[in-house]
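Just so it is clear, none of the values below were taken in a lab; they were calculated from the coordinates. On a predicted model such as this, the values are computed, not experimentally measured, just so you know. Reconstructed Cβ throughout: ideal geometry from the backbone, glycine too, with neighbour counts over all protein chains shown.
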Amino acid sequence: MKNKKKLSRIKLFEEIVSFMENNLDKWNSIEEIRRTYDEFTHNLKKLKDLQPELERDLAPVLSELGDKRELLMQRLFPVGNILEVYAEDHKMGKKSISLLKSSKKLDSLSNKKLLSHATRLYRLIDKYMHQVEGAHEKDGQINPGQDIKRYGLAGSMMDDLNTANHQYQSALHLRKDVFVYRKKVNKKMDGLLTANWKLLTSRLNKLMTVFSGTHPTFYREYKRISTQK
């Protein structure tokens with residue numbers, strides 16, 4: 001059931017409850033109407049408790065994810081390109097070069113694949129950056145790890161990439177948690193709305209016909225409210 005219809009049903013239920021509360025003296029003595037009405041109002045209270053989550057604006061969560069995705073791609077862009085040149089010069093493995101070349105297609109990656117790509121790329125680069133620490137020349141040859149500095153790939157760029165990756169991962173988890181909870185709320189509300197609709201159409205509306213002859217004005221008003229679409 002779509003959110004708009006859910007809210008419309010809740011509004012209808014509230015109008016019925018308001019009408020019934022204002023006319024307690026007319027129906028409260030009939031046990032089955034009272035029992036059905038109590039169950040109806042109990043379900044409505046649960047619906048009202050869940051309603052704020054249904055109306056919660058998810059735009060800030062999605063906007064935050066979009067911002068963190070954009071930042072991560074910005075951090076990946078120079079790092080991936082620099083290392084691609086380095087990889088070609090130093091004949092890195094085919095898998096590494098393939099990973100680097102895929103950095104050019106960041107926009108087309110799904111959120112999950114972008115996270116996986118960024119994590120793999122960071123680990124690949126981190127392996128080479130660690131070679132810088134304690135590296136030294138041997139027989140006049142510059143250690144490849146030390147040589148990578150000449151390409152402009154600084155440690156601060158790695159730190160920024162790592163931070164952006166963690167922030168993006170957190171934003172992804174937040175969106176997942178929010179949508180999982182929203183799904184649970186929708187499922188609960190669907191069950192309560194179905195239960196109340198059944199109570200209304202299969203019991204309360206039929207039981208209230210007892211007043212069609214004794215209190216025709218009261219019954220006509222009840223029928224008008226309860227049969228709204």
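Assorted remarks:
- The simple Förster model, with R0 at 25 Å and r as the Cβ-Cβ distance, assigns ARG34 and LYS188 a FRET efficiency of 0.45.
- Sites ALA154 and THR119, calculated FRET efficiency, Cβ-Cβ separation with R0 22 Å, nearest 0.05: 0.65
- Summing charges over neighbours of PRO60, with a neighbour being any other residue whose Cβ is under 13 Å away from its Cβ, gives 0 when K and R count +1 and D and E count -1.
- Within segment 51-68, backbone nitrogen closer than 12 Å to the virtual label 7 Å beyond the Cα of LEU174 toward Cβ: 59-68
- Reach of LYS198 by Cα under 18 Å, taken over aspartates and glutamates that are not fewer than 8 positions away in the same chain: GLU14, GLU15, GLU32, ASP38, GLU39, ASP190
- Among TRP197, TRP27, sorting on how many other beta-carbon atoms sit within 10 Å of each Cβ, with the fewest leading, yields TRP197, TRP27.
- Distance between the C-alpha centres of segment 1-60 and segment 154-229: 12 Å, rounded to the whole angstrom.
- Of LYS5/LYS26; LYS26/LYS184; LYS6/LYS26; LYS105/LYS149; LYS2/LYS68, pairs whose Cα-Cα distance is over 27 Å: LYS5/LYS26; LYS26/LYS184; LYS6/LYS26; LYS2/LYS68
- Taking the fewest neighbouring Cβ atoms within 10 Å as the starting point, the ordered list for HIS117, HIS173 is HIS173, HIS117.
- Nearby aspartates and glutamates by direct alpha-carbon distance to LYS176 (threshold 14 angstrom, same-chain neighbours under 8 apart not counted): GLU64
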